[in-house]
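Novice: Dropping a structure here in structure tokens format, bear with me for questions.
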Amino acid sequence: MSDAQTLKIRDAVADDRPAIRELVAQLSLYETTYAEDRTARPEHAEEYLTALEGRIAARGGAILLAESETNGDGAHAERIVLGYSAYVIANDHEYIVERYRRHIYITDMFVRENARKMGVGRALISEIRGRATDLGIVRIGIGALARNAHALEAYARLGFASYAIEHVLDLDRI
């Protein structure tokens with residue numbers, strides 16, 4: 001961020017839907033690099049966003065946008081969406097210690113390529129951490145594709161630790 005730019009994290013509103021759909025599509029395309037079962041078809045971004053909004057409405061959570069505000073000509077600020085994150089409030093099973101059962105799960109985290117390594121992801125996570133604290137929640141979870149070393153390293157730098165490893169067996173490949 002330059003001196004004339006500020007980073008702002010805010011809740012998404014209905015008018016943001018086209019920008020979020022585009023970011024979801026970019027995330028899907030990015031993930032095709034790490035997993036061959038991912039699709040980057042634009043219509044799937046719309047379907048996914050609709051389902052995500054349904055999960056948030058049912059369980060609680062939010063979609064957050066990271067924006068850069070530039071003063072431009074001094075009269076009007078120009079806003080550029082740099083990335084987004086989404087989270088839901090989740091509840092684990094009874095065999096989890098009670099204080100960890102209700103937690104936040106970050107379902108989505110994406111920063112545009114030209115905005116990476118500028119603190120955008122850190123700012124999104126910081127906002128979610130603050131919201132968790134306000135809700136009395138002491139655990140936040142996030143996942144990443146196993147081959148996405150960049151995400152795994154970034155999450156480790158932000159304090160996340162490995163918790164569970166998920167395996168798949170594609171029966172059509174054996």
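Read the figures in this text as sums done on the coordinates, not as results from a lab. What you are looking at is a predicted structure, and each value in this text was computed from that prediction instead of being measured. So basically every Cβ, Gly included, is an ideal-geometry build from the backbone, and we count neighbours across all protein chains shown.
Novice: Calculate, in nm to one decimal, what Glu22 and Tyr34 gain on full extension: separation in residues at 0.36 nm each, minus their alpha carbon distance.
Specialist: This chain segment gains 2.4 nm when fully extended.
Novice: Please compute the length gained on full extension between Ala164 and Thr133, using 0.36 nm multiplied by the number of residues separating them and subtracting their Cα-Cα distance. Let's see the in-between values first.
Specialist: Values: separation 31, 0.36 × 31 = 11.16 nm, distance 2.32 nm.
Additional length available on full extension: 8.8 nm.
Novice: Report the GluC sites (Glu not before Pro) located in region 74-174 that are in a DSSP loop and have at most 12 other Cβ atoms inside 10 Å of their Cβ, or state none.
Specialist: The qualifying sites are Glu94, Glu166.
Novice: Of the beta bridges DSSP finds with both residues in the chain, what % are antiparallel, to the nearest 5?
Specialist: Among the beta bridges of the chain, antiparallel pairing accounts for roughly 90 percent.
Novice: While we're on this one: Which label belongs to the value computed from this structure, given these candidates for Kirkwood radius over Cα pairs in Å: (1) 17.6; (2) 18.9; (3) 16.4?
Specialist: From the options (1) 17.6; (2) 18.9; (3) 16.4, the structure gives (1).
Novice: Another one. Given the Cα-Cα distance of Arg116 and Arg55 and 0.36 nm per residue of separation, how much length would full extension add, in nm?
Specialist: This chain segment gains 19.2 nm when fully extended.
Novice: If you don't mind, there's one more thing I want to ask. To test your reading of the geometry: what angle, between 0 and 90 degrees and rounded to tens, separates the Cα axis of helix 42-59 from the longest principal axis of the chain?
Specialist: 80 degrees
Novice: If we count trypsin sites (Lys or Arg not before Pro) as exposed when they sit in a DSSP loop and have at most 13 other beta carbons within 10 Å, what is the longest stretch of the chain that avoids them all?
Specialist: Working: sites that count: Lys117, Arg147.
In the chain, the maximal stretch lacking such sites is 1-116.
Novice: Sticking with this structure for a sec: Just to be sure I understand the model, the point goes 7 Å from the Cα along the line to the Cβ. What's the resulting Ala156 to Asn91 distance in nm?
Specialist: Each label point lies 7 Å from its Cα, and together they span 3.5 nm.
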